[in-house]
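Scroll down for the structure; my scribbles are underneath it.
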Amino acid sequence: MSNENMAELLFPDVKQLPTDMDSLYPPRNLPASAMVTRFAPSPTGSLNIGGLYAALISERLAHQSNGVFILRIEDTDKKREVQGSVEDMIHSLLSFGIHFDEGPDLSGVDQGAYGPYKQSERIQIYKVFMKHLVRHGLAYPCFCDPGDLQKIRITQQKLKVTTGYYGSWAKHRDLTCEQAKEEIVKGKSFVLRLRSSGSLDRRIMYNDLVKGPIELPENEQDIVIMKTDGLPTYHFAHAIDDYLMGTTHVIRGDEWLSSVPVHIQLFETLGFRAPEYGHIAPIMKQVGASKRKFSKRKDLDGTAAYYQEQGYPGFAISEYFMTLINSDFEEWRKGNPHPSFRDFSIDTDKMNASGALLDMNKLSDISKDVISKLTGKQMFDHLSTWSKEFDPELYTLIEKNQEYTVQILNMGRTIEKPRKDYAKWSDVKIKIAFFYDEWFEKDVLSGYKLPASISIDAAKEIVRGFSKSHRFNHDKDGFETLKELAAELGYAKDMKQYRGDPNRYKGHVGDVAMVIRVVLTNRTHTPDLFEMMKVMGENRVLARMQRFMLSSEFKGK
Ligand code: GLU
């Protein structure tokens, strides 16, 4: 009876019972092998690379088993919350191609029947279970303030016993309802604590999905489940949510491993079946010869935002992460070069229990590889989405010249062994900018970058000759015409000829090609000259040659 009175005293407005919650959140209708997983970040900043990695694993486990992947926002620690970070995280996840089935969308609207998906909107649900625990004598109010707790700790330290609020040290464990009422009347605030029956002398055993069998001491502390502000602690809220949302498997960072005894105890006390847990070691950063954890403050490349900004495609990051998740992925990929990485089934048993190393070179190589498999049009679409957010100048250029851009991006990729020169979207602009007249015009204003060995008169003679001899849309190999022109103007047709008697020639065919290249692009390194001209089109090529003939901006001699 006294527990009942205590429950009424503390939660007078809570009328519902756990059974009411059960009917609001019925078991999911899924095949037995389907996994329900969740990514449950706290909105305390932007998504980091470790979070992204855990989210991908959880998403894969759910979707490869025809289960459900949930995004849940664990925002009960209002002091640590950073404004805008929920939207930021959702945006990051989506831009990396990690789609969830349930959770808040970008506009903050919940999708799914097991919501709300923000813990701060589930307070009434938690209260039902808190009241239930008080009613059954499994939780109690504690009015100790920080000063009281400090006193207990100092005594414990003197006596060299385990510090904390437990057993006979838990002085408010057996407060009567009347005593609690007196404290409340005095205006004292209180937390709710779980009455722990655990003992450090006993151990719990559980099988971690990633780390294998784990043995840890039981939890003996009367942990706080509701803070003075009435909000649940993370531990309590996550247990209620994972139960009601039907979570079957939890993948999270191994900083939570030591909380497992508390979590298992909570599930047991509440009479819920605990999900299976898999704890992953943090992703490590290579620094010189050693590796270390990413630092939140120092390492920009530890945030998901960095990879978004640089323009690593989400599917490249995922593809790379797959190699870290299961080492046999690469073998599979060799035998299956074309299908999506999503066709590979990941296995938590085969996951590396120690920290995977983020190898930027390997990420770049994989990214180059996956980008090389895209068509020009697919590249255009990705580039457009990326540049809209991160490079407005490029966005304007490519949107104004859509077809032209697709042709530019298509260069060198319709062949058997396509070019692998782009690792990220921010690599593209510098390589293609000269194709656009707007950009080219600005660039040549500061002079044509002709090699110093070629005089202006010689260059003009070459351009004049070339514009007369070159035939667009002609089957004849353009380079052959160029060779003939070289010979006509007194240049050697090839290097061998030139080296045999350099004094006989003004230069060699390479110099002739270089002049044309610089005149058309103001670059000394470009893709194949004739392929490039084809993409630029006759009019643009002729206009650029004409512009050169009339220009006075030279950097060469
Ligand atoms: N909100 C916790 C975090 O941000 C989630 C821990 C868990 O996945 O259980 O790390």
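At a glance:
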{"read-out": "³J(HN,Hα), Karplus 6.51/-1.76/1.60, whole Hz, each residue of the range 394-399, x for Gly, Pro", "value": "5, 4, 4, 4, 6, 5"}
{"read-out": "Three-way shape label, the range 453-500, alpha-carbon gyration tensor, a/c 1.5", "value": "oblate"}
{"read-out": "Point-charge dipole on Cβ atoms (K/R +1, D/E -1) for the range 175-285, about Cα centre, debye to 20", "value": "160 debye"}
{"read-out": "Top positive-direction residue, dipole computed over the chain with Cβ charges, set Val36, Asn207, Gln407", "value": "Gln407"}
{"read-out": "Whole-Å distance, taken between Cα centres, linking the range 326-394 and the range 486-502", "value": "47 Å"}
{"read-out": "On Cα atoms only, tilt of 538-550 relative to the major axis of the chain in degrees", "value": "70 degrees"}
{"read-out": "Two-site label geometry, Ser453 and Ser345: point separation in nm, points 7 Å out along Cα→Cβ", "value": "6.2 nm"}
{"read-out": "In degrees, nearest ten, helix 376-390 long axis to first principal axis of the chain (Cα)", "value": "60 degrees"}
{"read-out": "Segment Ser290-Glu215, length gained on full extension (0.36 nm per residue, minus Cα span)", "value": "24.0 nm"}
{"read-out": "Hits among aspartates and glutamates - C-alpha to C-alpha of Lys424 under 15 Å, sequence gap 8 or more where chains match", "value": "Asp301, Glu309, Glu319, Asp365, Asp369, Asp381, Glu389, Asp391"}
{"read-out": "Whichever lysines have a C-alpha closer than 24 Å to that of Lys468, once near sequence neighbours (fewer than 8 apart) are set aside", "value": "Lys449, Lys460, Lys476, Lys483, Lys493, Lys506, Lys534"}
{"read-out": "Prolate/oblate/rounded label for the range 201-278 (Cα gyration tensor, a/c 1.5)", "value": "oblate"}
{"read-out": "Sparse-neighbourhood loop sites, GluC sites (Glu not before Pro) in the range 375-471 - DSSP loop, at most 14 other Cβ within 10 angstrom", "value": "Glu416"}
{"read-out": "Per-residue HN-Hα couplings for the range 248-254 [Karplus 6.51, -1.76, 1.60; θ = phi - 60°; Hz; x = Gly/Pro]", "value": "9, 9, 10, 10, 7, x, 7"}
{"read-out": "Ascending count of other beta-carbon atoms within 10 Å, so fewest first, for Cys142, Cys177", "value": "Cys177, Cys142"}
{"read-out": "Long-range amide H partners of Asp208 with built H, under 5 Å", "value": "Ile214"}
{"read-out": "Long-range amide H partners of Arg195 with built H, under 5 Å", "value": "Ala139, Tyr140"}
{"read-out": "In the range 200-244, GluC sites (Glu not before Pro) in a DSSP loop with at most 14 other beta-carbon atoms within 10 Å", "value": "none"}
{"read-out": "C-alpha long axis of helix 85-95 to longest principal axis of the chain, angle in °", "value": "50 degrees"}
{"read-out": "Restraint check, Lys127/Lys181; Lys298/Lys388; Lys293/Lys373, Cα-Cα greater than 23 Å", "value": "Lys298/Lys388; Lys293/Lys373"}
{"read-out": "Neighbour-limited loop hits for trypsin sites (Lys or Arg not before Pro), the range 458-500 (at most 15 other Cβ within 10 Å; DSSP other than H, G, I, E, B)", "value": "Arg471, Lys476"}
{"read-out": "Magnitude of the charge dipole, the chain, Cβ model with Lys/Arg +1 and Asp/Glu -1, debye to 20", "value": "1720 debye"}
{"read-out": "Cα shape, the range 1-90, gyration tensor, a/c 1.5 rule", "value": "oblate"}
{"read-out": "Charge dipole of the range 161-318 about the Cα centre (unit charges at C-beta), most positive-ward option of Tyr234, Tyr312, Tyr165", "value": "Tyr312"}
{"read-out": "Computed FRET value (nearest 0.05) for Asp299 with Ser258, which takes r as the C-beta separation and R₀ as 25 Å", "value": "0.55"}
{"read-out": "Built amide H within the under 5 Å cut-off of Met226, gap 5+", "value": "Leu192, Thr233"}
{"read-out": "Rounded to the nearest 20 debye, dipole of the range 108-246 from Cβ charges on Lys, Arg, Asp, Glu", "value": "380 debye"}
{"read-out": "Beta bridges by DSSP in the range 179-286, antiparallel share as percent, to the nearest 5", "value": "65 percent"}
{"read-out": "Positive-pole candidate from Ala356, Gln16, His470, dipole of the chain, charges at beta carbon", "value": "His470"}
{"read-out": "Approximate spin-label separation Ser327-Ser354, in nm, with each point projected 7 Å along Cα-to-Cβ", "value": "1.1 nm"}
{"read-out": "Across Lys291/Lys368; Lys78/Lys171; Lys79/Lys429; Lys15/Lys79, pairs whose alpha-carbon gap is larger than 32 Å", "value": "Lys79/Lys429"}
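Computed from the coordinates by the stated procedures, all read-outs in this text should not be read as laboratory data. Note that this is a predicted model, so its numbers are computed, not measured. Neighbour counts are summed over all protein chains in view; Cβ atoms, including those assigned to glycine, are modelled from backbone coordinates with ideal geometry.
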